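**Q** Below is a structure I'd like to ask you about.
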Amino acid sequence: MAARRLVAGNWKMFKTADAAVAFVDAFLPLLPMIPENIDIVLCPPFTALDAVARRLRGHDRVALGAQNMHWESSGAFTGEIAPPMLTDLGVRYVILGHSERRQYFGETDEAVCKKTIAALTHGLTPIVAVGETLAERDAGLAHERVVSQTRAALHGLAPDALAHVVLAYEPVWAIGTGRNCEALDADAIMQAIRTSMHGLTNVPILYGGSVKPENVPLYVAQPNIDGALVGGASLDPEGFANLLRAACEGRCDAV
Ligand code: PGA
């Protein structure tokens, strides 16, 4: 069980640069009420990364993440963003293989694997998302699906590289629906992910899918859950600060 919690806010396709800066200006004064042993990551859209990075300068407690990237370092890939473009802005994390990328943009396990390798090569921490659809769950295939996505995304990575990966279990049917996965159920799937490959024993695994201040303590109380990947509930500064505090409840004091 990891001593630290990690909570990443995935803003998806919300907030202009101005709105993102307004969030940061309202959020930074709330940091003193958030216990120290929680790592905080904000993942704005690409267009707001630079403005948010400038605003976060001197505030090391909040790390910057991107929501996607290409695996090549440069090239003729219209509309894509390369890893050095992110590191250049001070980005430290990148969400890869989010189900919305897989579902709406045809992202394959193979692409997620290439991106994961590229992230690690460029010193970015990949937050690799896996999760089953409702149809897969109903067919009793949830464990099998997430284990196969995990193995495919991390294929070929040596154990010392795996140590720099963060995983996120996000059941697709729980994202943005208000329908969250039971904490015990999520923990069992995350245990299956953890034991699916050598080298994942100590890798942080986040739960994602309709995480709110009210339910986050239930998730982080589970032995295999090290934090949360949060969409809708990360968009409001006070709400996100409350969620971060709740994510420490009963856990941070004990470490
Ligand atoms: P949600 O999104 O918290 O709005 O369900 C989670 C995610 O997509 O990462």
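**Q** Counting only chymotrypsin sites (Phe, Trp or Tyr not before Pro) that sit in a DSSP loop (anything but H, G, I, E, B) with at most 16 other Cβ atoms within 10 Å, what is the longest stretch of the chain containing none of them?
**A** Within the chain, the longest run free of exposed chymotrypsin sites (Phe, Trp or Tyr not before Pro) spans 78-255.
**Q** Taking the chain as the region of interest, what is the percent of Cα-Cα pairs per 10 angstrom bin, listed from the shortest bin to the one with the maximum distance?
**A** 7, 34, 39, 19, 2, 0
**Q** Tell me the mean residue ellipticity at 222 nm calculated for the chain from its helices only (DSSP H runs of n ≥ 4, each -39500 (n - 2.57), averaged over every residue, nearest 500).
**A** -10500 deg cm²/dmol
**Q** Scan region 1-87 for trypsin sites (Lys or Arg not before Pro) in coil per DSSP, keeping those whose Cβ has at most 16 other Cβ atoms within 10 Å, and list them by number.
**A** Counting only loop positions with at most 16 other Cβ atoms within 10 Å, the trypsin sites (Lys or Arg not before Pro) in region 1-87 are 4, 57, 61.
**Q** How big is Rg to Rh over region 1-147, alpha-carbon atoms, Rh as the Kirkwood inverse-mean-distance radius?
**A** With Rg and the Kirkwood Rh in hand, the quotient comes to 0.99.
**Q** Can you list the lysines whose alpha carbon is less than 27 Å from that of residue 115, not counting same-chain residues fewer than 8 positions off?
**A** Of all the lysines, those that pass the test against residue 115 - Cα under 27 Å, at least 8 places apart if same chain - are 12, 15.
**Q** OK, next. Return the FRET efficiency for the residue pair residue 110, residue 212: r is the Cβ-Cβ distance, R0 is 41 Å, and the value is rounded to the nearest 0.05.
**A** Calculated transfer efficiency: 0.75.
**Q** Take 147, 41 and order them by how many other Cβ atoms sit within 10 Å, fewest up front.
**A** Arranged by neighbour count, lowest to highest, 147, 41 become 147, 41.
**Q** Using a cut-off of under 15 Å, list every residue of region 15-45 whose amide N is near the label point 7 Å from the Cα of residue 61 along the Cα-to-beta-carbon line.
**A** Label zone hits: 24-42.
**Q** Ordered by residue, what ³J(HN,Hα) values in Hz, to whole numbers, does region 195-210 give under the Karplus form 6.51 cos²θ - 1.76 cosθ + 1.60, where θ = phi - 60° and Gly and Pro are x?
**A** Coupling constants for region 195-210: 9, 7, 8, 5, x, 9, 3, 10, 6, x, 10, 9, 9, x, x, 6 Hz.
**Q** Here is a follow-up. Work out from phi, with θ = phi - 60° and the Karplus expression 6.51 cos²θ - 1.76 cosθ + 1.60, the ³J(HN,Hα) of each residue of region 125-134, listed in order in whole Hz, and give x for Gly and Pro.
**A** 8, x, 9, 8, 9, 9, x, 9, 7, 4
**Q** Residue 168's amide H: which non-local residues (gap 5+, or another chain) put their own amide H closer than 5 Å, with H modeled 1.01 Å from N in plane and none for Pro or chain starts?
**A** Amide H neighbours of residue 168: 128, 129, 130, 206.
**Q** Just to check I understand the Karplus step: with θ = phi - 60° and J = 6.51 cos²θ - 1.76 cosθ + 1.60, what whole-Hz values come out for region 86-93, glycine and proline as x?
**A** Listing the rounded values in order: 7, 4, 4, 8, x, 5, 10, 10 Hz.
**Q** Please list, in chain and number order, the residues 5+ apart from residue 81 or on another chain whose amide H is under 5 Å from its amide H, with Hs placed from the backbone.
**A** Close amide H contacts, sequence-distant or interchain: 70.
**Q** Please report, in whole Å³, the volume per residue of the convex hull around the C-alpha atoms of region 1-71.
**A** 107
**Q** What residue among 143, 59, 122 has the largest mean-square fluctuation in a Gaussian network model of the chain, using Cα springs under 10 Å?
**A** Taking springs between Cα atoms under 10 Å, the residue moving most is 59.
**Q** I need the calculated FRET efficiency for the pair residue 144 and residue 37, taking r as the beta carbon distance and R₀ as 35 Å, to the nearest 0.05.
**A** Efficiency at R0 = 35 Å is approximately 0.50.
**Q** Could you list 196, 74, 99, 234 in order of exposure, starting from the residue whose Cβ has the fewest other Cβ atoms within 10 Å?
**A** Least crowded to most crowded, the residues run 74, 196, 99, 234.
**Q** How big is the Cα convex hull of region 77-158 in projection, averaged over all directions, in nm²?
**A** 6.0
**Q** Taking neighbour Cβ counts within 10 Å as the exposure measure, how do 43, 113, 181 sort from fewest upward?
**A** Ranking 43, 113, 181 by Cβ neighbours within 10 Å, fewest first, gives 113, 181, 43.
Every read-out reported here was derived from the displayed coordinates using simple, explicitly stated rules and does not represent laboratory data. These figures come from a predicted structure and were not determined experimentally. Cβ atoms come from the backbone with ideal geometry, glycine included; neighbour counts cover every protein chain shown.
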